[in-house]
1. By how many nm would the segment from THR54 to ALA41 grow when fully extended, if each residue of separation counts as 0.36 nm and the alpha-carbon distance is taken off?
2. Ignoring ligands, DNA and RNA, please state the percent of accessible area on the chain from carbon and sulfur, probe 1.4 Å.
3. Test of understanding: given the chain, find the longest segment containing no GluC sites (Glu not before Pro) that are in a DSSP loop and have at most 16 other Cβ atoms within 10 Å.
4. Can you list the residues, at least 5 places off or on another chain, whose amide H is less than 5 Å from the amide H of LEU23, using H built in the peptide plane?
5. Which ³J(HN,Hα) values, rounded to whole Hz and listed in residue order, are derived for the range 9-25 from phi using the Karplus coefficients 6.51, -1.76 and 1.60 in 6.51 cos²θ - 1.76 cosθ + 1.60 with θ = phi - 60°, glycine and proline given as x?
6. Enumerate the calculated ³J(HN,Hα) couplings along the range 29-44 in order (Karplus 6.51 cos²θ - 1.76 cosθ + 1.60, θ = phi - 60°), each rounded to whole Hz, writing x wherever the residue is Gly or Pro.
7. Please report the antiparallel percentage of DSSP beta bridges with both residues in the range 1-60, rounded to the nearest 5.
8. Under a 1.4 Å probe, what is the accessible area of the chain per residue, stated in Å²?
Amino acid sequence: MEHEIRAEYEEGLLPHEDTPVKLWHMTRIGSTTAMCGRDLAPAAATQTAEAWGTPKAEPFCFLCGAQYLREQPGH
Ligand SMILES: [Zn+2]
């Protein structure tokens, strides 16, 4: 299953390039619903799943991380 990382912002903030990211979540590619169940903005910033575990994707949603790990045997 292909995944990507999508940003969550503070409530009321519209995603812009310089908007501070509240939390990064893992989603399936093409979906705006995170693996933890949170709905994310379609315009939110995304990163490839490879950024998971690196400083670029911090802070990262703990629930999404746990779910993602479960789907990635060998990681
Ligand atoms: Zn999440």
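1. Computed gain between THR54 and ALA41 is 2.4 nm.
2. 54
3. Result, exposed sites excluded: 18-70.
4. Amide H neighbours of LEU23, under 5 Å, 5+ apart: GLU8.
5. 10, 4, 3, x, 8, 8, x, 10, 4, 9, 6, x, 7, 6, 7, 9, 10
6. Each residue of the range 29-44 in turn: 4, x, 10, 9, 9, 5, 5, 7, x, 6, 7, 10, 5, x, 8, 5 Hz.
7. On the way: 11 of 12 bridges.
DSSP beta bridges in the range 1-60 are roughly 90 percent antiparallel.
8. 66
The values are calculated or read from the model by the stated rules, or taken from the named source; none is laboratory data. All values derive from a computational prediction rather than experimental measurement. Here Cβ is always computed from backbone atoms with ideal geometry, including for glycine, and neighbour counts include all displayed protein chains. Surface areas here come from the heavy atoms of the whole protein model, side chains and all, with no ligands, DNA or RNA. Shrake-Rupley method; radii C 1.70, N 1.55, O 1.52, S 1.80 Å.
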